[in-house]
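What follows is a set of notes on a single structure, which appears directly below.
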Amino acid sequence: MKTLLAFFPLGFFLLVAQTGYGQWTSVFQNSVPGVWVENLRPVNDTVLWASISKLEVFYEYDSISYAQIVHTNDGGVTWKIDTIPGTKGFLANGVSALSKDTAWVTLMNVFDSVHCRVYLTTDGGNTWKKKYKSDNIAGMGIHFFNHQDGVLFRGSRVRVTHDGGESWQEPAGLPNVNFDYNLYNYAGDAFDVWKDTMWIPLLDGTLLKSVDRGNNWTVISTPLVGQNTVFCALTFASAKNGLAACIFTKQYDYVYPTRLFRTKDGGITWTEVPAQNLPTDPDDQFFGAIKAVKGTQASFIMTSLDFETKSTYDFISHNGGLNWQPVPGSYSPHYRQMFAFSSPDVVWSGNGFGYLYNEPLIFKWTGGNITSTQNPSEISEEWMQYPNPALDAIHIKSEHKGELPRVVIYNAKGEQMNTSTGNPVTFDVKSLAPGIYYTVITRNGKPVKTFKWVKG
């Protein structure tokens with residue numbers, strides 16, 4: 001990895017601010033080290049609920065853990081932190097919210113990973129009432145379609161309620177075998193919902209699907225079954241169009257790179273996607289989250305994790321995952337392992353593990369629309385860049401007269417590779433690694449033109 005990552009974020013964020021591209025802004029930070037976000041559930045553009053946990057293991061059965069629910073009613077400006085009484089030794093998992101007042105949360109016992117509790121608040125977190133207790137289901141995911149109908153699950157162990165959580169029943173159509181876990185990252189976010197339809201992927205590649213709010217389930221055998229492959233992310237843009245990221249396993253070791261599969265019939269059949277423009281370095285190709293862009297039919301956003309630098313950056317696709325482009329300004333020196341759209345223009349992200357004191361845990365995209373890799377405020381100027389692909393040099397020029405522009409080259413991660421001021425400009429690119437690059441031209445601090453090109 002390039003050493004310039006140590007100073008890259010500040011420089012790039014300054015450019016982002018100058019050119020009008022958006023960026024991830026920290027809106028909630030942890031107060032102690034070792035805390036991570038389990039789940040994000042936006043209600044609208046201003047109301048967000050999140051579950052966070054902390055675990056410190058000293059000896060076997062000797063640990064300190066706590067679960068907290070944090071929520072905002074003003075778009076992340078201020079936050080309320082709730083600690084549920086009597087839940088020492090439990091970790092927070094899933095959360096489902098319907099308003100600024102009403103939310104459910106699932107808790108799991110840290111010592112045995114079996115005992116489960118479900119709590120409900122109807123007064124904005126001031127009080128929490130226990131609605132469910134189980135010693136064998138250990139619910140990790142929870143979703144309420146409305147104030148009455150909800151689903152609680154961990155793997156293939158599923159329970160449904162039609163009275164707001166007062167009683168829970170086992171639905172019809174579940175497989176005979178019990179899988180305790182579903183996704184690789186088996187937090188409460190390991191499922192997806194579209195209106196009354198819900199999908200739950202299992203560890204062996206099987207997919208559970210319900211079209212009636214969890215009352216009846218269909219077991220779908222995907223191409224992953226028997227292939228030592230597991231889901232690590234699943235999302236649907238509509239009742240039919242979905243995308244899944246999968247990784248191969250071998251004796252509990254995970255083999256990269258990640259492979260993408262898509263469905264056009266609601267998850268019944270899946271085909272592998274020959275995704276273009278994604279990282280080719282196996283260390284850069286684990287995708288921590290994939291999320292359909294709310295309000296679209298085939299747009300998806302994805303986070304790529306860089307384990308060496310503990311950083312993330314995002315990609316966007318508008319054609320069902322076939323082609324991807326990096327999102328300018330999306331680089332973050334933190335493990336952002338989840339997305340949550342409250343609208344097409346407002347998206348949240350969560351830190352999968354907060355290593356340090358006062359490290360950001362929840363982020364919000366600000367300053368632009370994350371779904372567009374083009375800057376809508378670009379000045380209309382005619383520019384030319386050639387050749388493409390390039391081997392030795394690229395040339396950028398324009399007939400436009402005026403103050404000399406600033407020209408910057410970025411790689412697919414958003415790292416600044418070279419810069420110059422002038423018109424025309426020539427860059428020697430022989431030393432650049434093969435791959436996708438972007439040339440960003442600004443004049444007087446305003447965006448002028450962006451070129452995407454390939455280094456051969």
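No lab work stands behind these numbers, since they all come straight from the coordinates. All values reported here derive from a predicted model rather than from experimental measurement. Note that each Cβ is placed from the backbone with ideal geometry, even for glycine, and that neighbours are counted across all protein chains shown.
Some points to look at:
- 12 Å beta-carbon shell around ASP265, net charge (K/R +1, D/E -1): +4
- FRET efficiency for the pair ASN146 and THR78, taken as 1/(1 + (r/R0)^6) with r the Cβ-Cβ distance and R0 = 25 Å, rounds to 0.35.
- The amide H of TYR132, built 1.01 Å from its N in the peptide plane, has VAL118 as neighbours under 5 Å, considering only residues 5 or more places off or on other chains.
- Across the range 410-419, computed HN-Hα scalar couplings (Karplus, 6.51 cos²θ - 1.76 cosθ + 1.60, θ = phi - 60°) run 10, 8, 5, 8, x, 6, 6, 9, 6, 8 Hz from first to last residue, x flagging Gly and Pro.
- Coarse-grained scattering of the range 383-455 at q = 0.12, 0.14 Å⁻¹, given as base-10 log I(q)/I(0) from a Debye sum over alpha-carbon atoms: -0.28, -0.38
- Arranged from fewest to most other beta-carbon atoms within 10 Å of their beta carbon, TRP383, TRP348, TRP217 become TRP383, TRP217, TRP348.
- Taking the fewest neighbouring Cβ atoms within 10 Å as the starting point, the ordered list for ILE52, ILE436 is ILE436, ILE52.
- Theoretical gain in end-to-end length, ASN44 to SER31 [0.36 nm per residue, Cα-Cα removed]: 2.1 nm
- Arranged from fewest to most other beta-carbon atoms within 10 Å of their beta carbon, VAL193, VAL448 become VAL193, VAL448.
- Pairs exceeding 31 Å between alpha-carbon atoms, taken from LYS133/LYS310; LYS294/LYS413; LYS131/LYS209; LYS195/LYS310; LYS397/LYS430; LYS401/LYS452: LYS133/LYS310; LYS195/LYS310.
- Within-15-Å neighbourhood charge of ALA390 [Cβ basis; K, R +1; D, E -1]: +2
- Residues with amide H under 5 Å from that of VAL273, placed H, sequence gap 5 or more: LEU260, PHE261, ARG262
- Local net charge near ASN146, Cβ-Cβ under 14 Å (Lys/Arg +1, Asp/Glu -1): -2
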